[in-house]
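Each value in this text was obtained by applying a stated rule to the coordinates, not by laboratory testing. Small disclaimer: the values here were computed from a predicted structure and weren't measured. As a convention, Cβ positions derive from the backbone with ideal geometry for all residues, glycine included, and neighbour counts pool all protein chains shown.
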Amino acid sequence: MFETGVRQFRMALSLIRSSRLDVANVGRLVADALDTIGEFGGSADADTVTDGPFADPAIRTEFQNRAVRRTAQRLDRLSPFYQQRFSAVGVQPARLSVDTLGQVPTTVKRDLVERPADFHCAGVAPVLTTRTTGSTGRPAEVWLSRYETELWPAVEALSGVLREEILPTDQMQVHVSSRATAAVYLDMAVCRLVGAGCRVLGIVPPEQALASLTDGPTLLATYPSYLAQLVLAAQDLGLKPADFTLRRIDVGGEVLSEALAAAARATFGVPLVADAFGMTEVLPVSGRRCAAGHLHHDPGTGLVEVLDLAGTGPAGPGELGTAVITPYYPYRECMPVFRYDTRDVVRRLPDGPLGCELAGVPATSTILGKASQLLWPGGRLVTPRDLVEACEALPTRQWPARFAAEVRDGRIRLSLPQAAVDGYGHRATVAHFADRGLEVDLAVLPDEQAAALRPLRCDLRETTFAEPALAGT
Ligand SMILES: [Zn+2]
């Protein structure tokens, strides 16, 4: 245990000093954590280890100021994009703090798409590239260095093991698009570090996924829209919780509705569908949901600001804003972004202590949708999340929800496919939305148009030669 202590101390020290992290050291911490679990039958209190120091606001601010300065100073030396940006607005990176960060304009996806070469830091060799899925326009491409490809899974494996979210006895089944290189690679590398099994299948016909899911996996990683297809296919096939060995489902990248989460828990017999936030451009900064429904942002790897939607300054307590994320050095090396405006809308929480189990970790509301998709019928806010929650709660259970919504004459005009209304009725559907505070004018479209209404990641279907068949059938 002495060696473990030395390694933890060295890791803490390098975080504060902030030299590059020793990846092998982090890897050994994963092994130490596994040994501890093996020996004492339970893990350390992970939140104390990973989040504990940040619960004190003064310490957190001091850490953030140092991290922001060190990240900006490095970018000023090595990143052509940020050299220009800092000098254009007269910012001195060595004097930045969380209070003066607003002087640096936010970076947007268009910057990454149009000037990718300018984001490459001098002297860093790119080894692996990953792209956004393109669901919100032209994809952005982000290159990772070898150090990043080794560090991110090591850090993720460490926190996963400390929280017992992944153990050597686990087998993970991965259904994300095989073109989401970073996500697939990270899942595989985390499993390798922990010693867990890993089965990467991609977005294949749901029946094929279920055939494998009934054959031993304990962890499932996918998108909410594909999870929806799995739930419906499992129910069609009459599969029950006893047919599965899953203990945990992790989803991300899309809105997960409560109706779908509840159905997934019941169908697969898992206590929790964990809904995490992660985004290619700002990896490895991530967020996780607590039992109270907040989104808690990992304070160690990056800074999350909430800026008002007009971009004039911080959102006030209780107000809507866009999440602006700065991954810290030493977590990003090859193509880092600084104050990246995700356009993902969250609500800043009211000031005051949080009562949840992650109260020491900074939090916002969960993601409500993209800023460009907010509607304001009669001046009242309707978010994509409001619509997904309401659509997926319809008794017709046409999952994942396919709809289009726009404001006409101060009212929401909602288009749904026929199947979403069939057997329930037009009037009952309108009443269902009204019960949720959504006054809609409903248009019903042929089912063939459903997929075009709302592209989802489950549409990134991959073909296979295999016949879909369930084990034992
Ligand atoms: Zn919370």
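Take the Cβ-Cβ distance between residue 128 and residue 413 as r, set R0 to 41 Å, and report the resulting FRET efficiency rounded to the nearest 0.05. The partial results should precede the final answer.
Working: r = 44 Å, r/R0 = 1.07.
In this case the efficiency is close to 0.40.
Under the Cβ-under-4.7 Å rule, which cysteines of the chain stay unpaired?
121, 334, 391, 458
According to a simple spin-label model (label point 7 Å from Cα along Cα-to-Cβ), what is the distance in nm between residue 35 and residue 272?
About 2.8 nm, to one decimal.
Lys/Arg Cβ at +1, Asp/Glu Cβ at -1, dipole of the chain taken about the Cα centre: which of 190, 263, 314 is farthest positive-ward?
Farthest towards the positive pole: 314.
With each run of n ≥ 4 DSSP H residues scored as -39500 (n - 2.57), what mean residue ellipticity at 222 nm is computed for the chain after dividing by its residue count and rounding to the nearest 500 deg cm²/dmol?
Value at 222 nm, helices only, nearest 500: -10500 deg cm²/dmol.
In nanometres, what is the gap between the two model label sites at residue 55 and residue 428, each 7 Å from Cα along Cα-to-Cβ?
Each label point is offset 7 Å from its Cα along the Cβ direction, giving 4.9 nm.
Any idea what the dipole of the range 353-457 comes to, in debye rounded to 20, about its Cα centre with Lys/Arg Cβ at +1 and Asp/Glu Cβ at -1? Walk me through the intermediate numbers first.
Details: 12 positive and 12 negative charges, 39 e Å.
The calculated dipole for the range 353-457 is roughly 180 debye.
Loop-only check: which GluC sites (Glu not before Pro) in the range 332-422 are DSSP coil with at most 13 other Cβ within 10 angstrom?
Details: sites: 333, 357, 389, 392, 406; in loops: 333, 357.
Answer by residue number: 357.
Using the Karplus equation 6.51 cos²θ - 1.76 cosθ + 1.60 (θ = phi - 60°), what ³J(HN,Hα) coupling, rounded to whole Hz, does each residue of the range 150-160 give in order, writing x for Gly and Pro?
Result, rounded to whole Hz: 8, 6, 4, x, 5, 5, 5, 5, 4, 5, x.
Using label points projected 7 Å from each Cα along Cα→Cβ, tell me how many nm separate residue 215 and residue 451, to one decimal.
2.6 nm
What residue among 219, 68, 294 has its Cα farthest toward the positive end of the dipole of the chain, where the charges are +1 on Lys, Arg and -1 on Asp, Glu, each on the Cβ?
Projecting each Cα onto the dipole axis, the largest value belongs to 68.
Which value, in debye to the nearest 20, gives the size of the charge dipole of the range 315-388 about its Cα centre, when Lys and Arg are +1 and Asp and Glu are -1 at the Cβ?
Details: 8 positive and 7 negative charges, 43 e Å.
Taking the Cα centre of the range 315-388 as origin, the dipole is about 200 debye.
Calculate, in nm to one decimal, what residue 169 and residue 237 gain on full extension: separation in residues at 0.36 nm each, minus their alpha carbon distance. Kindly include the intermediate steps, with their values, before the conclusion.
Details: separation 68, 0.36 × 68 = 24.48 nm, distance 2.80 nm.
So the extension gain works out to 21.7 nm.
Once the dipole of the chain is set up with Lys and Arg at +1 and Asp and Glu at -1 on Cβ about the Cα centre, which of 78, 140, 27 lies farthest towards its positive end?
Comparing the listed Cα positions along the dipole, 78 ranks first.
Given charges of +1 on the Cβ of Lys and Arg and -1 on the Cβ of Asp and Glu, with all other atoms neutral, how large is the dipole of the range 370-423 about its Cα centre, in debye to the nearest 20?
Charge dipole of the range 370-423: 120 debye, to the nearest 20.
Ranking request for peptides 19-31, 60-72, 222-234, 318-330: highest mean number of other beta-carbon atoms within 10 Å first, then the rest in descending order. Let's see the in-between values first.
On the way: 19-31: 16.8, 60-72: 19.3, 222-234: 24.3, 318-330: 21.4.
Most protected by this proxy first, the peptides run 222-234, 318-330, 60-72, 19-31.
Can you list the trypsin sites (Lys or Arg not before Pro) in the range 374-426 that are in a DSSP coil and have 15 or fewer other beta carbons within 10 angstrom? Could the numbers behind the result be given before it?
Details: sites: 380, 385, 397, 402, 408, 411, 413; in loops: 380, 397, 402.
When the trypsin sites (Lys or Arg not before Pro) of the range 374-426 are filtered for loop state and at most 15 Cβ neighbours within 10 Å, 380 remain.
Beta carbons within 10 angstrom, averaged per residue: use that to sort the peptides 208-217, 268-277, highest first. Let's see the in-between values first.
Details: 208-217: 20.0, 268-277: 17.9.
Output ranking for 208-217, 268-277: 208-217, 268-277.
Using 0.36 nm per residue, how much length does the chain from residue 262 to residue 22 gain when fully extended, once their Cα-Cα distance is taken away? Kindly include the intermediate steps, with their values, before the conclusion.
Details: separation 240, 0.36 × 240 = 86.40 nm, distance 4.12 nm.
Difference between extended and current length: 82.3 nm.
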